[in-house]
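Input: a single structure, listed below in structure tokens.
The values are calculated or read from the model by the stated rules, or taken from the named source; none is laboratory data. Only a predicted model underlies this, so the values are computations on that prediction, with no experimental measurement involved. No Cβ is skipped: glycine too gets one built from the backbone with ideal geometry, and neighbour counts run over all protein chains shown.
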Amino acid sequence: MAASSGSGSAGGQPPVIAVVGPTGSGKSDLAVDLALELDGEVVNADAMQFYRGMDIGTAKITEAERRGVPHHLLDILDVNEEASVSDFQRRARAAIADIHRRGRRAILAGGSGLYVRAALDVLEFPGTDPEIRARLERENDAAGTGPLLERLQDVDPVSAARLGDARRIIRALEVFELTGRPFSSFMPSREYFQPAVQIGLDVDRDVLKERLADRVHRMVDHGLLAEVERLDAAGLRRGRTAPRALGYAQFLKVLDGEADVAQAAEETIVATRQFARRQLTWFRADPRITWLGWRDPDLAAKAAALCR
């Protein structure tokens, strides 16, 4: 049975803590601070940090920065594997249950909005059918996305209005054929699966813009191109998720001679700022999040007080 949308604990079970916000806002550091304060462990909810070897370009927290706090769901996939929200939901909930069973606090940290929702909220995932998907992909290759989108408009106008790329349109049609239900009916409601507290990092957008630019330049200085080259040799382009990651998509162009390092860095900065805006829009829409100033000197103490 689902927990209510409130944040109180039930039957002595402590609420899951989630630290959310845009990229570059300090989520990883705050999660570690809370873990040290509350005897907790961190569960990663950044989809691109699932990948082994994608360290520099994802600003993955280092062993030193973890300060001895156990971290879960980092480095669980090879770059040629596809990240799955449903698989993450299963893994994250298992990790959270294990942490709680050992009497510690589970702290979810990440900016991948749907992954956070999958861990925290009542969210059902429809199955897949490779034959249906392959047939729809062949139709898309033959006639383009237009006819598929028209078909989706007839059976699921909500998804048709929301989805723009072929991959998602094909998925929505696959789900309808498989279940007889519109894909939009599987979208999450704001109802917690188990008690939870969400803390959002409230940023100064102008300061964040400059911080993100500085971070990309540091990634370049620390060897982002070499990391992308190494992962390319390991099968990065064969993946469906990893090669689209910020920085990696842009620096693959450098390897292909389509851009130089300066151009790739600038494209990465622009894309990262756009991503941060989308993250803020996503998380701001959730009224259950308590927002704290990212530069508040008492941030860790105020966040811990919310979780006690």
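With respect to LEU74, determine if the residue is surrounded by fewer than 21 Cβ atoms within 10 Å (Cβ to Cβ), at pLDDT below 95 and more than 15 Å from ILE17 (Cα to Cα). No; evaluated as a whole, the condition is false for this residue. The C-beta contact set for region 117-132 (first residue among the hydroxyl-bearing types (Ser, Thr, Tyr), second residue part of a helix (DSSP H, G or I) and surrounded by 18 or more Cβ atoms within 10 Å (Cβ to Cβ), distance under 8 angstrom, 6+ apart or interchain) comprises THR128/GLU174.
Taking region 219-247 as the range and being surrounded by fewer than 12 Cβ atoms within 10 Å (Cβ to Cβ) and either farther than 26 Å from GLU82 by Cβ or in contact (Cβ under 8 Å) with a residue 24 or more places away in the chain (or both) as the test, the residues that pass are ASP221, ARG240.
Among the candidates THR241, THR268, THR272, the residue that is of a type in the set (S, T, N, Q) and modelled with pLDDT under 95 is uniquely THR241.
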